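One structure is given below, represented as structure tokens, and several questions about it will come after.
Computed from the coordinates by the stated procedures, all read-outs in this text should not be read as laboratory data. Because the structure is a prediction, the values reported are computed rather than measured. Cβ: placed from backbone, ideal geometry, glycine included. Neighbour counts: every protein chain shown.
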């Protein structure tokens, strides 16, 4: 134990992701990366208190309809009601309770409630398109929303984004911060989407695709989709010298 | 490690109503916060020098004026400033800028325990960024910059890209440019 405590600082590192499991900054297929990806290599930072801490939001109250995007307006939104739920955990599978999960998305017609979204599809006066939730003691979150539509974008000729939900998560440390997107299974646009295809590793791409789950599905009400999220964790295995 | 961490994807251009509608997140220092109050402005520009028009955002994470992080991992026996929130988040306006009201952070221990120079941890998110770009903001002329271990990892010619500078004629105002690419490219970190 003495030897282990002397190398305690090393045990607390958050290991870097395996090659290919995260996108690189530059991916020519996604045109917007061309002028925004840095050209210089990033400098590897040892983890100090600055990286091992991070904002915690566990005491913030959330509103009753924050995790139900179908009940935020006077009437129900148009579209197919769905339930999206899953577990947030670290790389060792340990649940991460009290994690803030933010969600935003286009409406059923594929239009965002954003001043600069000029897609010729209707806005829905009963759909704001944003929600948030905190994970429970088991790391579980749950949203009720509507299935977003696919929409065109100008990345290349006849380019369409597959239906997706945007997720933002704050883990226990600054280095665990994650913004990602959740997709739907069997969507024919997935292999054509440069944003998703920017991830080299097939398994890592597949983990962004939610799975239909009959046990989450509520009879006479809404289909259920499961989307588990893994945030960077500490290496729990002590070093042996 | 049994599982790989979930892959990142871009925030895209339309995150405003989901992430940055609450402009109170630009104010980290409330009334009564201790320390030297500063207004820290950013401008983000792309590889052609064009500002990011509302489709980028900056997140800040910093210690309070005494150098305390409000987080259990910071186990030093100091109470965090109750009038200070270490987290901030704003989108850039049409001119690529945003301004945070905060305090200059105190010094926090580095990897070997010796104090780091005052710094603010930054994540840049934007359309065209498939994952966040981490960087740090230091303060030009600050005592301690010369011995800072992280700055020591940065080639001397590029350290200036991490320095906020006082805005002439505006006491308490500091500014830093985030150049995503090209000449004068900001130093970004692999955390």
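May I ask you to give the average projected area over all directions of the convex hull of the Cα atoms of segment A:2-231, in nm² rounded to one decimal?
Across all orientations, segment A:2-231 yields a mean hull projection of 15.6 nm².
Take the alpha carbon gyration tensor of chain B, find the square roots of its eigenvalues, order them as a ≥ b ≥ c, and report rounded if a/c is under 1.5; if not, report prolate when a/b exceeds b/c, else oblate.
Judged from the Cα gyration tensor, chain B comes out rounded (a/c under 1.5).
Another question, if that's okay. Counting helices only, and only those DSSP H runs with n ≥ 4, report the 222 nm mean residue ellipticity of chain B as the sum of -39,500 (n - 2.57) divided by its residues, in deg cm²/dmol to the nearest 500.
It lands at -500 deg cm²/dmol.
For A:27-39, what's the mean count of beta carbons from other chains sitting within 10 Å of each residue's beta carbon?
6
Just to verify a number: FRET efficiency for residue A:153 and residue B:170, C-beta to C-beta distance, R0 = 51 Å, to 0.05?
Result of the calculation: an efficiency of 0.80.
Which of the three applies to segment A:134-241, rounded, prolate or oblate, going by the alpha-carbon gyration tensor with a ≥ b ≥ c and a/c under 1.5 meaning rounded?
oblate
At 7 Å along Cα-to-Cβ for each site, give me the label-to-label distance between residue A:40 and residue A:94 in nm.
The answer from the label model is 3.6 nm.
Also, I was wondering about something else. Please average, across the residues of B:59-70, the number of beta carbons from any other chain that are within 10 Å of each residue's own beta carbon, and give a whole number.
Counting other chains' Cβ atoms within 10 Å and averaging over B:59-70 gives 3.
Distance in nm between label sites at residue B:140 and residue B:24, each 7 Å beyond Cα in the beta-carbon direction?
3.5
Moving on. Rounded, prolate or oblate: which fits segment A:56-134 when a ≥ b ≥ c are the square roots of the eigenvalues of the alpha-carbon gyration tensor, with rounded for a/c under 1.5 and prolate only if a/b beats b/c?
Note, shape of segment A:56-134 comes out prolate.
Can you figure out the FRET efficiency of residue A:118 with residue B:77, using R₀ = 56 Å and their beta-carbon distance, to the nearest 0.05?
Computed FRET efficiency for residue A:118 and residue B:77: 0.50.
With each run of n ≥ 4 DSSP H residues scored as -39500 (n - 2.57), what mean residue ellipticity at 222 nm is computed for chain A after dividing by its residue count and rounding to the nearest 500 deg cm²/dmol?
-1500 deg cm²/dmol
Hey, another quick one. On average, how many beta carbons from a partner chain sit within 10 Å of the beta carbon of a residue in B:129-137?
Taking the mean over all residues of the peptide, I get 6.
Below 8 Å, C-alpha to C-alpha, sequence gap of six or more: please give me the relative contact order for chain A in percent.
27
Right, something else. Set the Förster distance to 35 Å, then compute FRET efficiency between residue B:156 and residue A:18 from the Cβ-Cβ distance, nearest 0.05.
In this case the efficiency is close to 0.60.
Students often check this: by mean Cβ neighbours within 10 Å, which of A:160-169, B:81-90 ranks highest, and how do the rest follow?
Most protected by this proxy first, the peptides run A:160-169, B:81-90.
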